[in-house]
1. Return the total of residues in the range 118-135 being more than 23 Å from the chain's Cα centre (by Cα) and assigned to a loop (DSSP other than H, G, I, E, B).
2. Hey, does the range 326-335 have a residue that's at pLDDT 85 or above, in a strand (DSSP E or B), within 18 Å of the chain's Cα centre (by Cα) and loosely packed, with under 14 Cβ neighbours inside 10 Å?
3. Within the range 37-45, can one find any residue that is modelled with pLDDT of 90 or more and over 16 Å from residue 121 (Cα atoms)?
4. Which of the residues that make up the range 74-106 are touching a helix residue (DSSP H, G or I) at 6+ places or on another chain (Cβ under 9 Å), farther than 15 Å from residue 116 by Cβ and surrounded by fewer than 19 Cβ atoms within 10 Å (Cβ to Cβ)?
5. List pairs: first in the range 129-153 and on the phi < 0 side of the Ramachandran plot and crowded, with 19+ Cβ neighbours inside 10 Å, second modelled with pLDDT of 95 or more and in a loop (DSSP other than H, G, I, E, B), Cβ under 8 Å, 6+ apart or cross-chain?
6. For the range 61-72, indicate whether the set of residues that are part of a strand (DSSP E or B), in contact with a strand residue (DSSP E or B) (Cβ under 7 Å, 6 or more places away or on another chain) and under 27 Å from residue 1 (Cα atoms) is non-empty.
7. Please go through the range 235-271 and pick out each residue that is touching a helix residue (DSSP H, G or I) at 6+ places or on another chain (Cβ under 9 Å) and either surrounded by 17 or more Cβ atoms within 10 Å (Cβ to Cβ) or modelled with pLDDT of 90 or more (or both).
8. Regarding the range 300-308, can at least one residue be identified that is part of a loop (DSSP other than H, G, I, E, B), touching a helix residue (DSSP H, G or I) at 6+ places or on another chain (Cβ under 6 Å) and either modelled with pLDDT under 85 or crowded, with 16+ Cβ neighbours inside 10 Å (or both)?
């Protein structure tokens with residue numbers, strides 16, 4: 001039994017009698033066996049405890065990304081490796097509080113104290129793009145844009161004090177669209193007969209961009225991504241070794257090599273996407289549209305010759321490289337778009353449906369179901 005195993009049980013017993021107290025244990029030896037030099041590291045989990053009327057409480061909530069309808073598999077206290085289908089119970093979250101969640105048992109049980117839960121299916125919430133309209137009262141064009149966007153269920157207005165994705169403002173009759181990160185921006189739209197339509201179209205494409213960027217699943221991830229920059233003067237370098245210096249910047253027309261390692265016990269289909277702050281989304285791998293490339297369990301491969309460039313009219317952009325690893329083939333070309341479009345046949349795979357939800361249309365330049373987290377992962 002490790003110190004972490006002991007503290008899982010201690011926390012529950014103390015919380016039961018003293019609700020405002022939360023025992024803590026800190027240090028680098030939490031996974032070391034008590035009174036021993038040996039250690040045993042557990043895979044990530046959420047502590048689970050029995051509640052009244054056959055229900056279960058999980059020690060994670062809204063701040064941890066928990067959502068109602070998500071399904072967890074529960075394992076015995078002290079379990080270190082969580083093999084899918086080998087748990088003692090499956091539970092579904094019915095109420096998510098800021099720091100904990102309540103669940104009902106779907107099958108199996110009962111759940112003992114200090115059990116360990118791992119998420120198997122995640123109920124992704126509706127994604128909403130938050131837009132702030134600066135100087136709204138003084139711009140007829142902005143008012144017309146807001147009236148159009150207010151009819152879109154996936155776009156929501158935000159005040160300046162709120163957190164927002166985009167800010168729209170009118171400067172001398174030209175509408176500017178920017179993000180909190182100033183490299184997130186599209187071409188300003190000048191006043192004219194189609195100004196409102198042009199702004200609305202750009203905002204819709206940004207909604208797609210932010211949605212694709214936000215898709216994430218690190219549950220049970222056994223995937224590693226290493227990026228090596230190939231210096232223009234020869235040789236190679238690690239662009240993340242000194243991120244606040246020139247070494248942390250990829251130069252215009254500089255190439256990089258991406259090394260993807262599959263540390264899992266099963267073969268995975270790999271796709272590499274480039275999500276750039278000019279609003280573009282590109283599939284870098286596989287190169288052939290519709291291709292499905294498998295990375296065998298325990299192996300790695302290199303994606304060479306990826307060239308980065310600064311788009312015309314810009315001084316810099318930021319690029320996010322996102323790796324998707326799935327257990328079944330998924331065509332990610334439906335997500336592509338040029339810098340800021342035809343819809344294909346509907347996808348039946350739950351992950352495909354999540355990707356379609358993020359997509360407003362297909363252009364070139366990149367009833368909702370719970371998504372099984374065991375079938376795909378991302379890393380960026």
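1. Total satisfying the criteria: 1.
2. no
3. no
4. Selection gives 97, 98, 99, 104, 105.
5. Close Cβ pairs satisfying both conditions: none exist.
6. yes
7. Those that are touching a helix residue (DSSP H, G or I) at 6+ places or on another chain (Cβ under 9 Å) and either surrounded by 17 or more Cβ atoms within 10 Å (Cβ to Cβ) or modelled with pLDDT of 90 or more (or both): 239, 271.
8. For the range 300-308, residues part of a loop (DSSP other than H, G, I, E, B), touching a helix residue (DSSP H, G or I) at 6+ places or on another chain (Cβ under 6 Å) and either modelled with pLDDT under 85 or crowded, with 16+ Cβ neighbours inside 10 Å (or both): absent.
The values are calculated or read from the model by the stated rules, or taken from the named source; none is laboratory data. Values in this document were obtained by computation on a predicted structure and should not be read as measured data. Glycine also receives a Cβ, built like all others from the backbone with ideal geometry; neighbour counts cover every protein chain displayed.
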